[in-house]
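A quick write-up on the structure given underneath.
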Amino acid sequence: MQTLRGRLFLTYVALVVLTLGAVTVGFLLYLWNNPALERETALRLQLAVGAVTRRSAVLRIPQGREQALRRLADALEVRLLLFDPQGRLAVDTEPEVPLTLSLHRERGLARDAQGRVWLFAARRLKTGWRVVAALPRPSRLQPLLNLLRDDLLPPLVQTGVTALALALLLAVLLSRWVARPLGRMAQAARALAAGEHRPIPVEGPAEVQTLARAFNEMSRQVEASQRSQREFVANVSHELKTPLTSVQGFAQAILDGTASDPDAVRQAAQVIYDEAARMHRLVLDLLDLARLDAGTADLLREPVDLAALARNVVQRMQPQAQAAQVALTVNGVDALVVYGDGDRLAQVLTNLLDNALKHTPPGGEVTVRVQEEAGWALCVVRDTGQGIPPEALPRIFERFYQLDQARRGGAGLGLSIAYEIVRAHGGTIAVQSEPGKGSVFVVKLPRVSSEDPTLIALQREKGTRL
């Protein structure tokens, strides 16, 4: 059986058979090493010696001594030997096979002339004579086989068959319990490969449940990724459709003579130029996102003074702020060093300030603050604009996502690019907002200590001090 269910079934059957076999062998070894028949024989010899001792009076008459001892031996079904006070054998009820034993012991083992082993028990009488009772040492194998055949084998067989039946039932149930969710997972995986997203129930052992949860999460992410790709293609098509329509329309106007005078031709050419520039910017943004996603973007790794960078970006954005009648200020620490690409980080801050200025009404304020927090360098951009609705916050960094009420052109890629740039620098970007009270974007980057060896080496190489 190559299936998991079949292997589990055979495993439990083999386990039950091996367990029953081990128990049987262990029990037989115990009986072999603890022979009950030898203990029973030794007890019979002690009782026989005691009986002869109580009838010792009949042994005092020499003429009837042997006959009396033989009658006792027949009655007790043992071999009896009588030794005089000097240790000489006087009577042996089985003289045909001489027995060699030690009279200094009250019980023990003896051997006869044929090499057989005997068990004996001895006792000294009041007259000084010594009586010995002996029996051949019982065989272990035959009684053990008889015990196994008559007493142990039937219940062992019954117990084994019952245990095997229960084990087979348990194996079927357990294999089904384990294999069923795995089979469903395999079917769901094939469906997922075909484009059908089918969550599976979380059931079975804990490990299988963990695997099912991981599969469902993977399926959810694959579905989200495919949906995102579809939306991405649709958004790109939408963003390119408008400028392409304008370019085509004004180019057709020039070709068919609709724009015949110089001013109309110039206006058509200007529209074509502006829309081509818009498409060029969109393509460049898409290329940036693709490189950042693939990890192939060319990012420099050098010390960057985040405070100085923020001041420079704010200074460049002042004309735009003045045109929007918005106060733009920067404050915070004088120097805060991070590793990264200064141009890319300036792009992040420029995108954030551009959005803040666009969504802040005249008379509002946009502030940039650079500060240190628990080993991180923070750049906080705060505005007093219209804010972001709560339902839009989870999607604010999605590509092509734009708030309807704030749609003022652009492709909606600025925050997505900013997010990917910050993530490529090992940092995070987050937003907090409340409608009517403005928004706060927080960029967090790993801070560089002034004692960092790499920073010191770069400073020496460039001959600069940060």
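The values are calculated or read from the model by the stated rules, or taken from the named source; none is laboratory data. Nothing here was measured: the structure is a model prediction, and the numbers come from that model. Because the Cβ atoms are built from the backbone with ideal geometry, glycine has one as well, and the counts that use them run over all protein chains shown. Note: accessible area is taken over every heavy atom of the protein model, side chains too, but ligands, DNA and RNA are not part of it. Shrake-Rupley method; radii C 1.70, N 1.55, O 1.52, S 1.80 Å.
The single condition among (1) among the acidic types (Asp, Glu); (2) open to solvent by less than 50 Å² (accessible area, probe 1.4 Å); (3) within 29 Å of Pro435 (Cβ to Cβ) that Asp341 does not satisfy is (3). Of Phe215, Phe232, Phe250, all but one fail to be over 26 Å from Val178 (Cα atoms), surrounded by 13 or more Cβ atoms within 10 Å (Cβ to Cβ), at pLDDT 80 or above and not hydroxyl-bearing (Ser, Thr, Tyr); the exception is Phe250. Residues of segment 174-213 being in a helix (DSSP H, G or I) and within 27 Å of Arg399 (Cβ to Cβ), which ones? Of everything in segment 174-213, those that are in a helix (DSSP H, G or I) and within 27 Å of Arg399 (Cβ to Cβ) turn out to be Leu192, Ala193.
Selection of segment 173-203 for residues being more than 17 Å from Glu223 (Cα to Cα) and in contact with a Phe, Trp or Tyr (Cβ under 6 Å, 6 or more places away or on another chain) yields only Ser175.
Taking the condition open to solvent by 10 Å² or more (accessible area, probe 1.4 Å), part of a loop (DSSP other than H, G, I, E, B) and of a type in the set (D, E, K, R), does Asp285 pass? Answer is no for this residue. Of Arg460, Arg382, Arg447, all but one fail to be modelled with pLDDT of 75 or more, within 23 Å of Pro303 (Cβ to Cβ) and of a type in the set (Lys, Arg); the exception is Arg447. For segment 53-91, the candidate set comprises residues that are open to solvent by 20 Å² or more (accessible area, probe 1.4 Å) and of a type in the set (Val, Ile, Thr); within that set, the residue that is nearest to the chain's Cα centre (by Cα) is Thr53. Counting only strands (runs of 3 or more DSSP E) that sit completely within segment 291-401, zero hold 1 or more residues that are under 30 Å from Ser237 (Cβ atoms). When Ala171 is tested against the conditions (1) modelled with pLDDT of 85 or more; (2) in a helix (DSSP H, G or I), the lone failure is (1).
Where residues in segment 253-282 are of a type in the set (A, V, I, L, M) and over 30 Å from Gly414 (Cα atoms), which of them is most open to solvent (accessible area, probe 1.4 Å)? Here the answer is Leu255. May I ask you to verify whether Ala277 is part of a helix (DSSP H, G or I) and modelled with pLDDT under 75? It is false that Ala277 is part of a helix (DSSP H, G or I) and modelled with pLDDT under 75.
Which members of segment 129-156 meet the condition of being modelled with pLDDT of 80 or more and either surrounded by 15 or more Cβ atoms within 10 Å (Cβ to Cβ) or assigned to a loop (DSSP other than H, G, I, E, B) (or both)? Trp129, Arg130, Val131, Val132, Ala133, Ala134, Leu135, Arg137 - these are the residues of segment 129-156 that are modelled with pLDDT of 80 or more and either surrounded by 15 or more Cβ atoms within 10 Å (Cβ to Cβ) or assigned to a loop (DSSP other than H, G, I, E, B) (or both).
Residue count for segment 301-324 satisfying the condition of being among the aliphatic types (A, V, I, L, M) and farther than 21 Å from Leu378 by Cβ: 3.
Yes/no per residue for (1) surrounded by 15 or more Cβ atoms within 10 Å (Cβ to Cβ); (2) under 21 Å from the mean Cα position of the chain (by Cα); (3) modelled with pLDDT of 75 or more:
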| site | (1), (2), (3) |
| --- | --- |
| Thr127 | no, no, yes |
| Gln158 | no, no, yes |
| Leu164 | yes, no, no |
| His197 | yes, no, yes |
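Here Asp334 does not qualify as of a type in the set (Asp, Glu) and modelled with pLDDT of 90 or more.
Picking from residues in segment 1-52 that are of a type in the set (Lys, Arg) and modelled with pLDDT of 75 or more, the one that is nearest to the chain's Cα centre (by Cα) is Arg39.
Within segment 353-379, residues that are open to solvent by 40 Å² or more (accessible area, probe 1.4 Å) reach partners that are in a helix (DSSP H, G or I) with beta carbons closer than 6 Å, at six or more positions or on different chains, in the pairs His359/Ala406.
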